[in-house]
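Visitor: Dumping the structure here so I can ask a few things about it.
Nothing in this text is a laboratory measurement; each read-out follows from the coordinates by a stated rule. Since we're looking at a predicted model, the values are computed, not measured. Glycine also receives a Cβ, built like all others from the backbone with ideal geometry; neighbour counts cover every protein chain displayed.
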Ligand SMILES: C[S@@+](CC[C@H](N)C(=O)[O-])C[C@H]1O[C@@H](n2cnc3c(N)ncnc32)[C@H](O)[C@@H]1O
């Protein structure tokens, strides 16, 4: 892992464990999201789609797509003439996503893949997004380099992620929310201790918004900007490809 990622990769569980954990909670992931964010996660993804600047008929790739909500929001923006592809390395998440896509009549091509090693040619998409995915990946430089590589010049790379507020009173709120409320509610709804003990740990080791912007720039993404949402516990970063 590049030193610029800011924390040691040794603190990460093996990718196989991360994959198994997401597989275990795939069927309850959406409910968890809704409970823990009071339904606000849909709005954050819509802002992510705006940051992707995707127009009707455009093409987008969503990585770490999970149950597909970011990809579906992109598909709505791209319209019937657009193309949206989504990649995840958990087959159970992909199965949930395909089921939801079928029910909603939204055309997204869900594929198995690793975000740090994408199968697509350079410049294949108008934009590439990731939502609540990169904090699970030890090599941030690799994932952002790949996201940049598959976007055409002039296109956008977007990252939506939980972040650590640096200012009071948000810092105190964050401590209570992620260290106490999230694991307790997570355990209750997901019935999976490991997954929701993992969540605060994954957020704690993740770089704050400024440092994440630096990692994205280091991966070759230009004009990186970010916006803090929800009392500074969510960061929306975006940049362009030259
Ligand atoms: C917290 S979920 C986020 C799902 C979705 N993007 C959202 O906005 O709700 C994280 C997802 O990232 C996937 N993931 C983690 N590491 C990955 C990797 N290296 N390549 C592809 N998918 C990965 C997991 O399987 C999981 O489905």
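Visitor: Cα centroid distance between region 107-162 and region 171-242, in Å?
Guide: Between the Cα centre of region 107-162 and that of region 171-242, the gap is 17 Å.
Visitor: With N denoting the number of residues in region 3-240, provide Rg(C-alpha) divided by 2.2 N^0.38 Å, to two decimal places.
Guide: With N residues counted in region 3-240, Rg over 2.2 N^0.38 Å equals 0.94.
Visitor: Among 160, 236, 106, rank each residue by its count of other Cβ atoms within 10 Å, from fewest to most, as a rough exposure measure.
Guide: 106, 236, 160
Visitor: A further question follows. If neighbour count is taken as other Cβ atoms inside 10 Å, put 190, 127 in order from fewest to most.
Guide: Placing the least packed residue first, the sequence is 190, 127.
Visitor: How would you rank 227, 217, going from fewest to most other Cβ atoms within 10 Å of each one's own Cβ?
Guide: Fewest-to-most Cβ neighbours within 10 Å comes out as 227, 217.
Visitor: Once label points are set 7 Å from the Cα along Cα→Cβ at both residue 76 and residue 43, what is their separation, rounded to one decimal in nm?
Guide: Output for this residue pair reads 1.4 nm.
Visitor: Follow-up question, since we're still on this one. Report D for region 15-65 in µm² per second (integer): Stokes-Einstein, Kirkwood Rh on Cα pairs, 37 °C, 0.692 mPa s.
Guide: The diffusion coefficient I find is 250 µm²/s.
Visitor: I want the antiparallel fraction of DSSP beta bridges within region 3-240, as a percent rounded to 5.
Guide: Given both bridge residues lie in region 3-240, the antiparallel proportion sits at roughly 40 percent.
Visitor: For the chain, what does -39500 (n - 2.57) per DSSP helix run (n ≥ 4), summed and divided by total residues, give at 222 nm, in deg cm²/dmol to the nearest 500?
Guide: Per the formula, -13000 deg cm²/dmol.
Visitor: Given contacts defined as C-alpha pairs under 8 Å and at least six residues apart, what's the relative contact order of region 3-240, whole-number percent?
Guide: Here the relative contact order equals 21 percent.
Visitor: Next up: Convex hull over the alpha-carbon atoms of region 51-148: what's its volume per residue in Å³?
Guide: In region 51-148, the Cα convex hull volume per residue is 84 Å³.
Visitor: When the chain is treated as a GNM, springs tying every alpha-carbon pair under 10 Å, which of 153, 169, 13 comes out with the largest mean-square fluctuation?
Guide: Among 153, 169, 13, the largest GNM mean-square fluctuation belongs to 169.
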